[in-house]
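Student: Got a structure here, written out as structure tokens. Questions coming.
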Amino acid sequence: MPLETESFFAELIKENLSAQNLIDSDFTFVNRRLAKHYDLPEIWGEQMQKVMLPEDSPRGGLLTQASILRLTADGNSTSPVIRGNFVVSNILGEPPSPPPPDVVIAEPDTRGSTTIRQQLDKHRNLETCASCHDHIDPPGFALESFDPTGKFRDKYRTTGKWDTWLDVDASGITEDGESFAGIKDYKKLLLKQEDKIVRHFVSQLVSYATGGEIQFADRDELSQILDRTKNDGYPVRSIIHCIVQSNLFRSK
């Protein structure tokens with residue numbers, strides 16, 4: 001699973017492909033076992049191979065790769081909160097703020113709640129919890145179509161009731177009021193925020209390359225990198241070249 005992600009990112013660099021592919025792409029890398037896990041057409045061999053995705057495939061981009069989906073699950077069940085927090089923190093660069101130290105967060109009474117969505121609705125009805133859940137729950141709902149190992153599903157077993165199956169509801173409404181029916185729709189909404197996503201991506205690359213966090217004073221240099229690559233669709237290798245040539249890299 002990690003090899004898919006490593007091979008995918010290496011391909012973006014090698015072919016200088018757009019950073020949009022981080023959100024949605026028409027290809028990925030699989031071997032025989034991973035292709036079977038993804039319900040893709042059969043391929044042979046244990047080496048990772050680039051494959052074009054069928055038009056109706058829910059795959060494409062980082063978020064639907066098993067390495068990411070497995071990382072954001074506990075092995076037995078999925079949590080829209082954990083997966084949603086991963087998306088807003090690592091893709092959008094908008095981690096939820098911690099609650100004020102003087103705020104007492106009451107635990108809602110979730111008795112009688114059957115589905116994950118019903119349990120989260122109990123939290124959303126609490127004023128102290130609602131703002132964070134409005135922010136992080138929608139992307140988590142969009143990823144509910146994938147089980148803890150990253151396999152696509154349309155039903156899931158309820159916790160503690162292994163003989164009871166419930167329909168997956170991967171729809172939602174974003175904090176900005178835009179609705180989506182599932183992961184495909186949600187990725188389209190993410191692509192509308194391309195500039196924000198790429199800015200965070202560049203910030204993370206700079207931090208990785210220099211070992212230092214982006215500071216407020218670095219914003220102009222960051223904007224110059226984005227301006228130099230925007231007209232070409234934010235190609236990844238070009239972004240890396242711009243970072244290496246910038247004062248952000250040379251002076252840190």
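Student: Residue-wise, which Karplus ³J(HN,Hα) couplings in Hz belong to segment 233-242, taking 6.51 cos²θ - 1.76 cosθ + 1.60, θ = phi - 60°, and x for glycine or proline?
Tutor: Using θ = phi - 60°, the values come out as x, 6, x, 5, 5, 4, 4, 5, 4, 5 Hz.
Student: Quickly work out the Arg157-to-Arg219 label distance, labels modelled 7 Å from Cα along the C-beta direction, and quote it in nm with one decimal.
Tutor: Taking the two extended label points, one gets 5.1 nm.
Student: Still on this structure, I have one more. Taking 0.36 nm per intervening residue step and subtracting the Cα-Cα distance, what contour gain separates Phe249 from Asp232 on full extension?
Tutor: On the way: separation 17, 0.36 × 17 = 6.12 nm, distance 2.21 nm.
That works out to 3.9 nm of additional length.
Student: Follow-up. Add +1 for every Lys or Arg and -1 for every Asp or Glu among the other residues with Cβ under 14 Å from the Cβ of Ile23, and state the total. Walk me through the intermediate numbers first.
Tutor: Details: positive: Arg59, Lys184, Lys187, Lys188, Lys192, Lys196, Arg199; negative: Asp24, Asp26, Asp185, Glu194, Asp195.
Its environment carries a net charge of +2.
Student: Go through segment 14-29 residue by residue and turn each phi into a ³J(HN,Hα) via Karplus (6.51, -1.76, 1.60, θ = phi - 60°); whole Hz please, and just put x for glycine and proline.
Tutor: Calculated HN-Hα couplings, in order: 4, 8, 6, 7, 5, 5, 4, 4, 5, 8, 8, 8, 9, 8, 7, 10 Hz.
Student: Tell me which residues come under 5 Å, amide H to amide H, from Leu62 once H is placed; ignore anything under 5 positions away on its chain.
Tutor: For Leu62, the qualifying residues are Ile23.
Student: Something else now. How large is ³J(HN,Hα), in whole Hz, for each residue of segment 44-56 in order, when computed from phi with the Karplus curve 6.51 cos²θ - 1.76 cosθ + 1.60 and θ = phi - 60°, using x for Gly and Pro?
Tutor: Karplus-based 3J(HN,Hα) across segment 44-56 equals 10, x, 9, 7, 5, 10, 6, 10, 7, 8, x, 4, 8 Hz.
Student: His135: net charge of surrounding residues, Cβ under 10 Å, Lys/Arg +1, Asp/Glu -1, itself excluded? Numbers along the way, then the final one.
Tutor: Working: positive: none; negative: Glu94, Asp134, Asp137, Glu175.
My count for the surroundings of His135 gives -4.
Student: First select every other residue whose beta carbon is under 11 angstrom from the beta carbon of Met1; then total the charges, Lys and Arg +1, Asp and Glu -1. Write down the numbers at each step before the final one.
Tutor: Working: positive: Arg33, Arg70; negative: Glu4, Glu6.
It works out to a net charge of 0.
Every read-out reported here was derived from the displayed coordinates using simple, explicitly stated rules and does not represent laboratory data. Keep in mind that what you see is a predicted model, and the values were worked out from it rather than measured. Heads up, the Cβs are rebuilt from the backbone with ideal geometry, glycines too, and the neighbour counts pull from every protein chain shown.
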